[in-house]
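The structure under discussion appears below in the form of structure tokens.
What follows draws every value from the coordinates through simple rules; no lab data is involved. Keep in mind that this is a model prediction, so the values were computed, not measured. Note that each Cβ is placed from the backbone with ideal geometry, even for glycine, and that neighbours are counted across all protein chains shown.
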């Protein structure tokens with residue numbers, strides 16, 4: 001009798017557990033559109049660099065201060081555009097910040113997100129932009145588990161490959177994760 | 001006699017200094033502040049000496065007493081699917097898939113919730129919000145292809161709330177839209193990005209009878225920042241700039257291309 005109860009408990013528990021796991025594995029879906037994680041190895045995601053400019057590819061959020069347009073390149077960094085003459089805006093710098101989505105500014109300091117950390121950049125001189133502080137783990141690590149705001153298939157995260165810095169559209173072959 | 005000339009001289013110098021401060025016609029709408037203006041999809045916002053950050057489920061307050069070193073002073077849970085935060089005076093408006101949340105900011109920078117308006121949707125749409133003393137404007141749209149936001153629910157509309165009592169927002173009216181996203185407010189003019197329908201400019205003086213002043217539908221609009229006569233409009237192919245100093249003669253100034 002006792003063994004039956006244990007057995008039943010086990011069966012029930014299995015059901016409970018299985019309902020929590022992202023399903024999809026039980027049937028093969030073939031090739032589907034979804035998202036796949038883009039990884040940075042080790043601490044590479046913390047590396048911030050400034051280049052003269054890069055093309056705007058996937059536009060994110062936008063911020064304006066003192067005739068300068070700051071535009072987020074989704075998960076990749078921030079474009080700085082001189083808009084002193086609105087009929088002739090000039091791209092002047094691009095700050096590579098892996099996992100960056102947001103921008104805000106106070107005085108000479110720009111705040112942005114670097115994966116799960118908050119970064120403070122000194123932008124008083126666009127030719128000498130520096131990281132002055134890093135406040136770690138301000139965000140819950142949702143994107144390290146699954147793509148936020150996404151409904152559909154995605155390639156399961158393999159943490160051994162590094163830190164997820166972005167999710168990209170991709171054709172997935174029998175993905176085992178979906179939300 | 002000498003002192004009179006001295007006064008005149010000082011007056012002239014003073015006038016020069018003052019006039020040089022007025023800068024160009026497109027200077028920041030709030031004048032000489034040390035923070036800028038964010039688009040309506042912002043999840044970071046600086047207000048005075050504080051930085052507010054919303055993530056999926058909470059709002060965090062950071063003190064910027066030392067702007068180079070933000071110090072977390074408060075965290076509060078809000079709900080789920082938090083999309084954006086908007087500041088108007090001492091108020092914060094948080095847009096989420098599940099509802100509209102209103103906060104007042106205390107003198108120590110900590111926000112306290114005055115209202116939570118639940119949309120009661122079965123599936124969560126996306127929604128930024130802008131507001132003034134009297135009204136809040138919220139766009140709701142259905143899920144993106146590939147699902148960037150909230151599933152297959154077909155909800156595409158502009159909602160106007162009366163927020164004159166921030167403890168009791170009243171939903172006034174809903175207007176159907178194509179697929180509305182970011183929005184911006186300058187006085188009675190509402191700029192609304194309606195995806196494939198482009199940029200729509202409304203006179204919202206009467207919330208029950210908003211009037212379409214102009215529409216630019218040759219691009220897929222995503223978000224806007226109105227800057228006292230200069231409009232930045234983010235679209236999928238360009239960042240467009242428009243001059244709206246004369247609301248009856250809104251015209252394009254430039255476009256910054258996006259590689260497709």
Can you compute the FRET efficiency between residue B:217 and residue A:159 using 1/(1 + (r/R0)^6), with r the Cβ-Cβ distance and R0 = 35 Å? Round to the nearest 0.05.
0.20
I'd like the mean, over residues of A:105-114, of how many other protein chain beta carbons sit within 10 Å of each residue's own Cβ.
6
Contact order relative to length of region B:26-257, as percent, for alpha carbon pairs under 8 angstrom and 6 or more apart
12 percent
Could you check how many percent of all C-alpha pairs in region B:26-257 are farther apart than 32 Å?
17 percent
Per-peptide average of other Cβ atoms within 10 Å, ordering B:73-85, B:208-220, B:95-107 highest first:
B:95-107, B:73-85, B:208-220
For residue A:130 and residue A:179, what does the FRET efficiency come to when R0 = 22 Å and r is the distance between their Cβ atoms, rounded to the nearest 0.05?
0.05
Under a crude label model (7 Å from the Cα following the beta-carbon direction), how far is residue A:92 from residue A:31 in nanometres?
4.6 nm
